[in-house]
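So the structure is just underneath, and the comments pick up after that.
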Amino acid sequence: MIRKIAAILLLLAGGYVAWVVILNLGGTPSPPSGRQARAPASAAPPAAPGTLVIPVAGVRPDQLVDTFADARSEGRVHDAIDIMAPRGTPVIAAAAGTVEKLFDSKLGGHTVYIRRPGGQWMDYYAHLDDYVPGLAEGQRVQQGAMIGTVGSTGNASPDGPHLHYAINAMAPGEGWWQGKPVNPYPLLAAGH
Ligand SMILES: [Zn+2]
């Protein structure tokens with residue numbers, strides 16, 4: 001009887017050791033709780049290629065220009081894509097989500113921040129000529145839904161109306177004004 005129990009205990013212990021070995025072979029130790037446990041935001045793509053809609057009606061993927069790394073005034077980097085289009089062209093949601101903030105800023109003009117389901121990604125639309133009537137914070141929007149029109153509000157040239165579109169990776173608890181920019185261009189131009 002005692003030998004039988006000892007054998008069972010040995011088996012259990014062996015199983016535990018095997019588990020520990022397997023877990024360690026995986027390369028990633030089980031994360032401690034706390035902020036360091038979070039993987040870098042850049043580790044995950046913002047969306048699978050081809051799952052975003054180009055957020056300006058009628059614009060084809062081959063018309064897009066990668067302006068993500070362009071320099072801007074006062075040492076800033078663009079961190080977004082500019083999509084040129086005539087004033088008044090519909091701006092549509094690149095991805096579904098919830099309108100978190102409608103904000104008028106000196107640089108961005110009329111802007112919209114839409115957080116995607118799950119909260120990890122924020123889509124940002126700037127220089128809008130106007131919002132679509134009735135657009136409100138807390139409202140859910142479907143992918144492709146019209147949210148406003150292309151314009152040049154903020155620091156955009158009146159001669160060059162365009163949509164300034166950005167994607168931000170959001171850490172847990174980050175607000176609409178935070179996040180880490182990722183380049184929308186390869187996601188919008190993917191597969192073309
Ligand atoms: Zn821009």
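Computed quantities for the displayed model
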item	result
Flag if residue 131 is within 16 Å of the ligand (Cβ to nearest atom) and among the aromatic types (Phe, Trp, Tyr)	no
Residues located in region 149-159, provided they are under 14 Å from residue 81 (Cβ atoms) and either more than 23 Å from the chain's Cα centre (by Cα) or within 11 Å of the ligand (Cβ to nearest atom) (or both)	156
Odd one out for residue 143, checked against (1) farther than 15 Å from residue 99 by Cα; (2) more than 16 Å from the ligand (Cβ to nearest atom)	(1)
Search result, residues across region 96-125 that are over 15 Å from the mean Cα position of the chain (by Cα) and aliphatic (A, V, I, L, M)	102, 107
Of residues in region 56-77 being in contact (Cβ under 8 Å) with a residue 12 or more places away in the chain and acidic (Asp, Glu), the one farthest from the ligand (Cβ to nearest atom)	62
Residues of region 78-106 that turn out to be farther than 19 Å from residue 187 by Cα and within 16 Å of the ligand (Cβ to nearest atom), as a count	6
Subset of region 64-78 [more than 18 Å from the chain's Cα centre (by Cα) and assigned to a loop (DSSP other than H, G, I, E, B)]	64, 65, 70, 72, 76
Qualifying residue in region 168-175 (condition: open to solvent by 30 Å² or more (accessible area, probe 1.4 Å) and in contact with a Phe, Trp or Tyr (Cβ under 8 Å, 6 or more places away or on another chain))	no
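The values are calculated or read from the model by the stated rules, or taken from the named source; none is laboratory data. Since the structure is predicted, the reported quantities are computational estimates derived from the model, not experimental observations. A quick note on method: Cβ atoms are made from the backbone with ideal geometry, for glycine too, and the neighbour counts reach across all protein chains shown. Note: areas computed on protein heavy atoms with side chains; ligands, DNA, RNA excluded. Shrake-Rupley method; radii C 1.70, N 1.55, O 1.52, S 1.80 Å.
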